[in-house]
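Since the structure comes first, as structure tokens, the remarks are kept for the end.
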Amino acid sequence: MTEIHLTGRAASPGLAIGPVAVLTVALESRRTPGDPAQEAAALKAAIEGATTELAELIEAEQGEAADILEFQVAMLEDDALAEGAFAAISTGAPADQAWRAVLDAEIAGYRSAEDEYFRARVGDLVDIRDRVLVGLNGAAQSTAIRGGSIIASDDISPSTFIATDWRCGGAILLAAGSSSSHVAMLARARGTPMVVGLGPLSWEARPPALALVDGDAGTVVFDPEPETRRLFEHRMSVANAARAVADAGRAKPAITADGRRITILLNIAALEDVADLDPAICDGIGLVRTEFLFEASHGLPDEETQYTVYRRILDWAEGRPVTIRTLDAGGDKPISGLTVDGESNPFLGLRGIRLSLARPEVFRLQLRALARAAVHGTLKVMLPMVAVPSELDRARNLLDAEIEALRAKGIACARPPLGIMVEVPAAALRAGDFEAGFYSIGSNDLTQYTMAAARDIGAVADLNDTGNPAVLALIALTVEAARARGVEVSLCGDAAADTSLTKTLLATGLTTLSVSPVAVARLKATIATVNP
Amino acid sequence: MHDVNASRASKTSVPLTASAVLVNPVGLHARPSVKLTQCAKGFAATIEIALAPDGPWTDAKSPVKVMRVKAPQGAMLYFRVAGSDGDAALAAVLALVHDGFGEA
């Protein structure tokens, strides 16, 4: 037996090891249909029975789980849900077929929704459908899942999740699924690791007995070799101990062992990244990547769409500073219709601010939306890939022109501070030459441009090291320039979350780090151990 | 945030209309829909919602139908209300939207 490695998408962090429980839903019809009146009565009774079962489950739950079950009750109590099924029954259809057909049509409507949140409700509708079918067909409820199991399935319903005892570990592996589903929200809330999008889980002979789940990386190993298992168990015990300590301190300020207060900001791509988090875990948002707004499928976003998104993020931050980076397309982030195809070296081509200045109509729209959003909180605007001061000056002139135009029309707006991302060595070496409102060091690109080594080329990956003295010297120069000019400086690349570099980065004089939300607890715990 | 153009008519026969932007993070989905329908059911007036000022209109008391509207975050939601307690009903549903359904 050889171990099998699969990679999916992380939906809930954490590590787990346990026996594999393969979920299959068998809801075969085992009944003889009666006349339409009997069938209608049977469906009515099954719907009422399902509603009562859910109401009993709600009694035992609270918070998010209770809300989700209440949604299912509200749907079941609404006559609109089953009216099509009763109509089909009156023309002779058996109750279970009629119900299944109507619910499957409803589910198809959700599955085709554009909005991820509505697609993610498929699980709830399937749950409703199957609970009523079980009532109709008299099938025994699916066998209870033993606590501590790794559930492997195409998808899993919220009520199955809630009915499972997660107190002694376990995890969820889904062939399909979504990190926005109710189950994923529940899994995150309960600390159950979950990986979705693993693709078809088909076993050649029989299903695997044991699985190792890494909910941080979104990976799973089935039937591990003893050595793989031993290493994983070691990682787990270390991680568990660290997490217990870190979680306790997540909402507290980050303070080094020698008493320095470090500002912790978040890197996000969309409001969804933080929507279910308490803003108290951070001191603000250090980087909002706006590329997601410009994904090809939707075309270029209009001013109103951008304004609404920016504004919602500011609302979430409750007055804490929010740094939004203007479109950073190009390089490894092509956007069709905007970026240039076929550049011989896209990382040295028309990307970031260069592209924005070359396509001012797209850039001005974004600046206008940002200036309007600035009224609603503490907004800062950051320009990516700046190499020379004239780029900042040209961007500033464009921003000023848009603000003037908005004011002339009587539209509420404010002037956000305009800062630069320091990721080109030229900008780091001469940081003091820029009249920037603030600096934010983009350590990923700064490292690859300084070391002339890409992260995704394995043969040179060891050169791509932010801890290299050359890169650290550029960081220190930037920090010094910021201090001399009396403006803020932060670091928002992956290095900020690399706890093996924390001490080194703080030694350059940095006092602000920006990381993804999942990294906050660990970073704060590491900072607490830093002595000069 | 909240762009209410309540047009008032004499007494009850002409429906009241208003609109508001969905400011809560995820649009009119599971929990917001339940809250909206629960609120709407507390009034005798007929309450309908739409994504455009001229409809199509959806019964705001049916969670199944409200979910079918799939109103995303940032959408402008239009209300049409008719009935003796229409004033209070409109104020209540608008307050709910304005408040982000308590989840903003």
Is it the case, given these coordinates, that A:Asp247 is in contact (Cβ under 8 Å) with a residue 40 or more places away in the chain and either more than 14 Å from chain B (Cβ to nearest Cβ) or touching a Phe, Trp or Tyr at 6+ places or on another chain (Cβ under 9 Å) (or both)? yes
Tell me, yes or no, whether the stretch A:135-143 has at least one residue that is hydrophobic (A, V, I, L, M, F, W, C), within 14 Å of another protein chain (Cβ to nearest Cβ) and part of a helix (DSSP H, G or I). no
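Per-residue answers, yes or no, for (1) hydroxyl-bearing (Ser, Thr, Tyr); (2) at pLDDT below 85:
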{"residue": "A:Arg119", "(1), (2)": "no, yes"}
{"residue": "A:Arg129", "(1), (2)": "no, no"}
{"residue": "A:Ser157", "(1), (2)": "yes, yes"}
{"residue": "A:Gly170", "(1), (2)": "no, no"}
What is the number of the single condition among (1) within 14 Å of chain B (Cβ to nearest Cβ); (2) more than 30 Å from B:Phe101 (Cβ to Cβ); (3) aliphatic (A, V, I, L, M) that A:Ala275 does not meet? (2)
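Looking at A:Val288, A:Val375, A:Val381, A:Val322, which is the one that is modelled with pLDDT under 95 and of a type in the set (Val, Ile, Thr)? Steps first, answer last, please.
On the way: A:Val375 fails: modelled with pLDDT under 95; A:Val381 fails: modelled with pLDDT under 95; A:Val322 fails: modelled with pLDDT under 95.
Only one candidate qualifies: A:Val288.
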If I go through the stretch A:61-77 residue by residue, how many of them are more than 9 Å from chain B (Cβ to nearest Cβ), at pLDDT below 90 and part of a helix (DSSP H, G or I)? 5
Looking only at the stretch A:349-371, decide whether some residue is surrounded by fewer than 19 Cβ atoms within 10 Å (Cβ to Cβ), away from every other protein chain (no Cβ under 14 Å), among the polar types (S, T, N, Q) and assigned to a helix (DSSP H, G or I). no
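Would you mind stating whether A:Ala80 is touching a Lys or Arg at 6+ places or on another chain (Cβ under 6 Å), more than 14 Å from chain B (Cβ to nearest Cβ) and surrounded by 15 or more Cβ atoms within 10 Å (Cβ to Cβ)? First the steps, then the outcome.
Values: touching a Lys or Arg at 6+ places or on another chain (Cβ under 6 Å): yes; more than 14 Å from chain B (Cβ to nearest Cβ): no; surrounded by 15 or more Cβ atoms within 10 Å (Cβ to Cβ): yes.
So A:Ala80 fails the test.
Looking only at residues in the stretch B:47-59 that are of a type in the set (D, E, K, R) and farther than 20 Å from A:Tyr110 by Cβ, which one is farthest from the other protein chains (Cβ to nearest Cβ)?
B:Asp54
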So A:Ala184 ticks every box in (1) in contact (Cβ under 8 Å) with a residue 24 or more places away in the chain; (2) within 14 Å of chain B (Cβ to nearest Cβ); (3) closer than 30 Å to A:Gly34 by Cβ but one. Which box is left unticked? (3)
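Restrict the check to the stretch A:129-148 and report whether at least one residue is of a type in the set (Gly, Ala, Ser), touching a strand residue (DSSP E or B) at 6+ places or on another chain (Cβ under 7 Å) and in the same structural domain as A:Met185 (by TED's automatic domain parsing). Lay out the reasoning, then the answer.
In the first step, residues of the stretch A:129-148 are kept if they are of a type in the set (Gly, Ala, Ser); the result is A:135, A:138-140, A:142, A:144, A:147-148.
Next cut, touching a strand residue (DSSP E or B) at 6+ places or on another chain (Cβ under 7 Å) only: A:148.
Subsequent filtering for residues that are in the same structural domain as A:Met185 (by TED's automatic domain parsing) retains A:148.
Looking through the stretch A:129-148, at least one residue is of a type in the set (Gly, Ala, Ser), touching a strand residue (DSSP E or B) at 6+ places or on another chain (Cβ under 7 Å) and in the same structural domain as A:Met185 (by TED's automatic domain parsing).
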Subset of the stretch B:65-88 (residues that are crowded, with 20+ Cβ neighbours inside 10 Å, modelled with pLDDT under 90 and more than 18 Å from B:His29 (Cβ to Cβ)): B:Gly86
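Yes/no matrix, rows are residues, columns are (1) within 17 Å of A:Val288 (Cα to Cα); (2) crowded, with 23+ Cβ neighbours inside 10 Å; (3) modelled with pLDDT of 95 or more; (4) not assigned by TED's automatic domain parsing to the domain that holds A:Pro321:
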{"position": "A:Leu392", "(1), (2), (3), (4)": "no, no, yes, no"}
{"position": "A:Ala395", "(1), (2), (3), (4)": "no, no, yes, no"}
{"position": "A:Asp400", "(1), (2), (3), (4)": "no, no, yes, no"}
{"position": "A:Ala414", "(1), (2), (3), (4)": "no, no, yes, no"}
{"position": "A:Glu423", "(1), (2), (3), (4)": "yes, yes, yes, no"}
{"position": "A:Ala427", "(1), (2), (3), (4)": "no, yes, yes, no"}
{"position": "A:Tyr439", "(1), (2), (3), (4)": "yes, yes, yes, no"}
Filtering the stretch A:150-193 for residues that are of a type in the set (Lys, Arg), closer than 23 Å to A:Phe222 by Cα and either in the same structural domain as A:Glu114 (by TED's automatic domain parsing) or over 16 Å from the mean Cα position of the chain (by Cα) (or both) leaves a count of 1
Could you grab the pairs with beta carbons closer than 9 Å, sequence gap of 6+ or different chains, first residue in the stretch A:469-495 and in contact (Cβ under 8 Å) with a residue 12 or more places away in the chain, second one aromatic (Phe, Trp, Tyr) and in a helix (DSSP H, G or I)? none
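Please work out if A:Ala269 is away from every other protein chain (no Cβ under 12 Å), under 24 Å from A:Leu365 (Cβ atoms) and either in contact with a strand residue (DSSP E or B) (Cβ under 6 Å, 6 or more places away or on another chain) or surrounded by 14 or more Cβ atoms within 10 Å (Cβ to Cβ) (or both). Steps first, please.
Numbers: away from every other protein chain (no Cβ under 12 Å): yes; under 24 Å from A:Leu365 (Cβ atoms): yes; either in contact with a strand residue (DSSP E or B) (Cβ under 6 Å, 6 or more places away or on another chain) or surrounded by 14 or more Cβ atoms within 10 Å (Cβ to Cβ) (or both): yes.
In short, yes.
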Restricting the search to the stretch A:185-239, which residues are surrounded by 22 or more Cβ atoms within 10 Å (Cβ to Cβ) and among the aromatic types (Phe, Trp, Tyr)? A:Phe222
For residues in the stretch A:375-390 being closer than 15 Å to A:Ile324 by Cβ and in contact (Cβ under 8 Å) with a residue 60 or more places away in the chain, which is surrounded by the fewest Cβ atoms within 10 Å (Cβ to Cβ)? A:Thr378
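Let's see how each residue does on (1) more than 10 Å from chain A (Cβ to nearest Cβ); (2) not small (Gly, Ala, Ser):
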site	(1), (2)
B:Ala45	yes, no
B:Lys61	no, yes
B:Lys70	no, yes
B:Asp99	yes, yes
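The values are calculated or read from the model by the stated rules, or taken from the named source; none is laboratory data. On a predicted model such as this, the values are computed, not experimentally measured, just so you know. Methodologically, a virtual Cβ is constructed for each residue, glycine included, from the backbone with ideal geometry; neighbour enumeration extends over all protein chains shown.
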